[in-house]
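Have a look at this one.
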Amino acid sequence: MVLDQDTGQIFSCQLVPAGQAREVPRPPPEQAPEASPPSQRTAYSPGLVDENTLGLRDDRAHYLAKIEQAQRLITDGESYEICLTNLARRGFAGSGLEAFEQMRAVSPVPYATYLKLGASKS
């Protein structure tokens, strides 16, 4: 996934052989008993998320410090490329399957899979 921070758009990057259409496998409805009927689901609209609603692993100051450290490592020749990430958590009132379906609707990647392993709260 690529986030354009200027526009707030999220793009799915996929490698697909020339001439081949993207495949978006979806489980048949009978394999998704926990899903709410579409009429009961809250509409999902992708876009910017208020930072105050997220539980971020690294706050702004810590993330900026990581960027400075990465720049030093590159300048020192320790690396030519560094990918920084930040873990973000956000509450969701639906089931795990509903969250997966919403993410798939926005970013349909070819090999995404929903696994429900054991008991869970959602």
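Anything in region 108-122 that is over 14 Å from GLY94 (Cβ atoms) and at pLDDT 75 or above? List them, or say none.
PRO108, VAL109, PRO110, TYR111, ALA112, THR113, LEU115, LEU117
Name the residues in region 65-93 that are within 23 Å of GLY55 (Cα to Cα) and part of a loop (DSSP other than H, G, I, E, B), would you?
The answer is CYS83, LEU84, THR85, ASN86, LEU87, ARG90, GLY91, PHE92, ALA93.
Pairs only if they're at least six apart or on different chains, beta carbon under 8 angstrom, first in region 78-101 and within 18 Å of TYR63 (Cβ to Cβ), second among the charged types (D, E, K, R); list them, first residue then second.
Within 8 Å, the pairs are LEU84/LYS66; ASN86/ARG57; ASN86/ASP58; LEU87/ARG57; LEU87/ASP58; ALA88/ARG57.
Given the conditions (1) modelled with pLDDT of 80 or more; (2) under 25 Å from THR7 (Cα atoms); (3) among the hydrophobic types (A, V, I, L, M, F, W, C), which single one is not true for PHE92?
The failed condition is (1).
Then there's this: Output the number of the condition that ALA105 fails; it satisfies all remaining conditions of (1) of a type outside the set (Val, Ile, Thr); (2) within 30 Å of ALA119 (Cβ to Cβ); (3) at pLDDT 65 or above; (4) assigned to a loop (DSSP other than H, G, I, E, B).
(4)
Out of all the residues in region 48-61, is one or more surrounded by 12 or more Cβ atoms within 10 Å (Cβ to Cβ), part of a helix (DSSP H, G or I), basic (Lys, Arg) and at pLDDT 80 or above?
no
Across region 73-100, which residue is farthest from the chain's Cα centre (by Cα) among those that are exposed (fewer than 13 other Cβ atoms within 10 Å of the Cβ) and aromatic (Phe, Trp, Tyr)?
It comes out as TYR80.
The values are calculated or read from the model by the stated rules, or taken from the named source; none is laboratory data. All values derive from a computational prediction rather than experimental measurement. Because the Cβ atoms are built from the backbone with ideal geometry, glycine has one as well, and the counts that use them run over all protein chains shown.
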